[in-house]
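Trainee: Submitted below is the structure of interest, expressed as structure tokens.
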Amino acid sequence: MAQVQFFSGESIPLEMHKVRVVQKLSLLPVEQRQKCIEEAGNNTFLLKNRDVFIDMLTDSGVNAMSDNQMAAMMIADDSYAGSETFFRLERKLHEIFGMDFFLPTHQGRAAENILAEAFVRQGSVIPMNFHFTTTKAHITRLGGRVEELIIDEGLRPDGNHPFKGNFDLEKLRECIKRNGAENIPFIRIEAGTNLIGGQPISLQNIKDVSRITHENGILLLMDASLLQDNLFFIHEREAACKHMSIREITRAVADELDIIYFSARKFGFGKGGGICIRDRKVCERMKELIPVFEGFLTYGGMSVREMEAITVGLDETMDEQVISQGPQFIEFMANEFIKNGVPVVTPPGGLGCHINAREFLPHIDAHEYPAASLACAAFIAGGIRGMERGTLSEQREPDGTEPVAAVELLRLAVPRRVFTLSQVKYVIDRIIWLHKHRDLVGGLRFVEEPSVLRFFFGRLEPIGDWQQKLVQQFRKDFPESL
Ligand SMILES: *Cc1c(COP(=O)(O)O)cnc(C)c1O
């Protein structure tokens, strides 16, 4: 990576783009921020965007578009069937992945629905390095079961393994043997493993998983929603890939797979999704579900303008200078936090900076949701909206017991090309302040708990009056500040 060196010796990431359209932000006073999070049921998903200063909830659908993407939107060919826009997208995907077939969907989870409907039956087992919330919901909804086969290092928030998203190959062999290949419709690789901190999988591990999967006659599928960051990490961290271009790495990854699906809300700087398929027969199993659930085969629920933007966005994703920005900002954040004793997931991954809430707030019980509490505290401290990725994001067992998540994280997502370094520095400052006063932060309990995907719309309340105490402390330390 050709990084710019500073005469001062400073090591900071440098934006390789300039801002040409801006959106004004507002920062409410701390007292109002506390009221807002209370009104939102202490769930950052339920905050109103107008009350948020730095929105680090997600990298989904909030990445900045380029001038070329905006220009491409103007030439979109609007047609229900046979749109030229669709064929441009199809050709681009074929060019980068080398797969012959493409089925469009309106976003990533819609692709998961199609895949689950086509392949998952009562009793099916889906092995994967790690689950994603929507993926698991579709599989379990149809009576299937997820088995997670990630290496042990992947579940430790610390450490310096460069590819914590890797499969444990022994676990994979044992899983296939125990369940029987006939009960495994496909094996799923998640690139840039979301829930453990955007941690990558290596090309070598993908090749090994591919060999074992195909020896057993099973289909191998990749969730490529977070492939962008993973490609960069393969390039940076895998010695054998140092001299390969991003395009070459992409193709080497794709060559091992039978199916690639993605959320274009992340992969491709747009809004949409789809499924790329190598084999015609496999495609046929899913094809007829597209018009039922998504829309006709040449749009699948996406607008033509979005499809044009994705086509250009995919090309930009193949540019190292474009895709390095996210991981470099995240690494900067993580390093500043480490210097100041704030516990974060290491090594830094993609998608966002992940704070280890279990270590940040060791006095809060797992069932009182440390990461969700920290998310509320970060909003009060700075109008910063992060996302809980821990026990609250788990679903209860059928008998009502609440499993404790393997890792308990507050994710501060870094939408691609959106924030400047001074905004990132502000976030770092407020989180360090919060860490200094971490003893003030208390837990949460549910007031309304939905039975599925409860983290999206569940409502909670603080246990005790810790939020008022936090506001008072803020006023003491920053008498004049917003
Ligand atoms: C976001 C995401 C999805 C779901 O995509 P949507 O477009 O939000 O529906 C699936 N898998 C992974 C790994 C993701 O990060």
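The values are calculated or read from the model by the stated rules, or taken from the named source; none is laboratory data. Predicted model only: the values in this text are computed from it and were never measured. Note that each Cβ is placed from the backbone with ideal geometry, even for glycine, and that neighbours are counted across all protein chains shown.
Trainee: Here is a check on your reading of the model: is His161 away from the ligand (no atom under 16 Å from the Cβ) and in contact with an Asp or Glu (Cβ under 7 Å, 6 or more places away or on another chain)?
Mentor: yes
Trainee: A further question follows. Tell me the residue from Gly61, Gly82, Gly41 that is small (Gly, Ala, Ser), at pLDDT below 95 and surrounded by 14 or more Cβ atoms within 10 Å (Cβ to Cβ), please.
Mentor: Gly61
Trainee: Considering only the range 7-14, I want to know if a residue exists there that is of a type in the set (Phe, Trp, Tyr) and assigned to a loop (DSSP other than H, G, I, E, B).
Mentor: Yes; the residues of the range 7-14 include at least one that is of a type in the set (Phe, Trp, Tyr) and assigned to a loop (DSSP other than H, G, I, E, B).
Trainee: In the range 409-430, is there at least one residue being assigned to a loop (DSSP other than H, G, I, E, B) and small (Gly, Ala, Ser)?
Mentor: no
Trainee: Can we say Ser8 is surrounded by fewer than 19 Cβ atoms within 10 Å (Cβ to Cβ), out of contact with any Leu (no Cβ under 7 Å at 6 or more places or on another chain), small (Gly, Ala, Ser) and under 30 Å from Asp477 (Cα atoms)?
Mentor: In short, no.
Trainee: Okay, next question. May I ask you to verify whether Ala111 is outside any helix (DSSP H, G or I), over 19 Å from Phe419 (Cα atoms) and either modelled with pLDDT under 95 or among the small types (Gly, Ala, Ser) (or both)?
Mentor: It is false that Ala111 is outside any helix (DSSP H, G or I), over 19 Å from Phe419 (Cα atoms) and either modelled with pLDDT under 95 or among the small types (Gly, Ala, Ser) (or both).
Trainee: Of the residues Arg389, Arg416, which single one is under 29 Å from Val322 (Cβ atoms), in contact with a Lys or Arg (Cβ under 6 Å, 6 or more places away or on another chain) and in contact (Cβ under 8 Å) with a residue 40 or more places away in the chain?
Mentor: One residue alone meets the criteria, Arg389.
Trainee: Being in a strand (DSSP E or B) and either within 15 Å of the ligand (Cβ to nearest atom) or within 16 Å of Phe267 (Cβ to Cβ) (or both) is the filter here, so list the residues in the range 187-220 that pass it.
Mentor: Arg188, Ile189, Glu190, Thr193, Gln199
Trainee: For the range 101-140, give me each residue that is in contact with a Lys or Arg (Cβ under 6 Å, 6 or more places away or on another chain), more than 19 Å from Arg454 (Cα to Cα) and surrounded by fewer than 22 Cβ atoms within 10 Å (Cβ to Cβ).
Mentor: Listed by number, the residues that qualify are Ala118, Val125.
Trainee: Within 15 Å of the ligand (Cβ to nearest atom) and not small (Gly, Ala, Ser): is that true of Pro127 in this structure?
Mentor: Considered against the rule, which asks whether it is within 15 Å of the ligand (Cβ to nearest atom) and not small (Gly, Ala, Ser), Pro127 comes out as no.
Trainee: Enumerate the pairs (first residue in the range 65-76 and closer than 10 Å to Val312 by Cα; second residue anywhere and among the polar types (S, T, N, Q) and surrounded by 13 or more Cβ atoms within 10 Å (Cβ to Cβ)) with beta-carbon separation below 8 Å, excluding pairs fewer than 6 apart on the same chain, so at least 6 apart or on different chains.
Mentor: The qualifying pairs are Ala72/Thr311.
Trainee: Now for a different question. Out of curiosity, is Ile330 of a type in the set (Val, Ile, Thr), more than 30 Å from His106 (Cβ to Cβ) and touching a Pro at 6+ places or on another chain (Cβ under 6 Å)?
Mentor: no
Trainee: So, one more: May I ask you to say which residue of Ser303, Ser263 is within 16 Å of the ligand (Cβ to nearest atom) and surrounded by fewer than 20 Cβ atoms within 10 Å (Cβ to Cβ)?
Mentor: Ser303
Trainee: Let me ask another. Provide a single number: the residues in the range 46-104 that are on the phi > 0 side of the Ramachandran plot and either part of a helix (DSSP H, G or I) or over 26 Å from the mean Cα position of the chain (by Cα) (or both).
Mentor: Number of matching residues: 1.
Trainee: Return the total of residues in the range 106-124 being near the ligand (Cβ under 9 Å from one of its atoms) and under 19 Å from Ile189 (Cβ atoms).
Mentor: Of the residues in that region, 4 qualify.
Trainee: Among the hydrophobic types (A, V, I, L, M, F, W, C), in contact with a Cys (Cβ under 6 Å, 6 or more places away or on another chain) and free of Cβ contacts under 8 Å to residues at least 60 places away in the same chain: which single residue out of Ile212, Ile260, Ile176, Ile249 fits that description?
Mentor: Ile249
Trainee: Now for a different question. Anything in the range 274-300 that is charged (D, E, K, R) and either surrounded by 21 or more Cβ atoms within 10 Å (Cβ to Cβ) or touching a Cys at 6+ places or on another chain (Cβ under 6 Å) (or both)? List them, or say none.
Mentor: Glu294
Trainee: Here's another thing I want to ask about it. I'd like to verify a number: residues in the range 221-258 that are surrounded by fewer than 20 Cβ atoms within 10 Å (Cβ to Cβ) and within 16 Å of the ligand (Cβ to nearest atom), how many?
Mentor: Count: 0.
Trainee: Here's another thing I want to ask about it. Inside the range 111-136, can you point out the residues that are over 16 Å from the mean Cα position of the chain (by Cα) and within 26 Å of Leu297 (Cα to Cα)?
Mentor: Asn113, Ile114, Leu115, Ala116, Glu117, Ala118, Phe119, Val120, Arg121
Trainee: Hey, does the range 233-255 have a residue that's basic (Lys, Arg), assigned to a loop (DSSP other than H, G, I, E, B) and more than 22 Å from the chain's Cα centre (by Cα)?
Mentor: Checked the range 233-255: at least one residue is basic (Lys, Arg), assigned to a loop (DSSP other than H, G, I, E, B) and more than 22 Å from the chain's Cα centre (by Cα).
Trainee: Does Lys242 satisfy being under 27 Å from Thr58 (Cβ atoms) and out of contact with any Gly (no Cβ under 6 Å at 6 or more places or on another chain)?
Mentor: No.
Trainee: Still on this structure, please answer the following. Taking the condition of being among the charged types (D, E, K, R) and in a helix (DSSP H, G or I), how many residues in the range 15-39 meet it?
Mentor: The number of residues fulfilling the criteria is 5.
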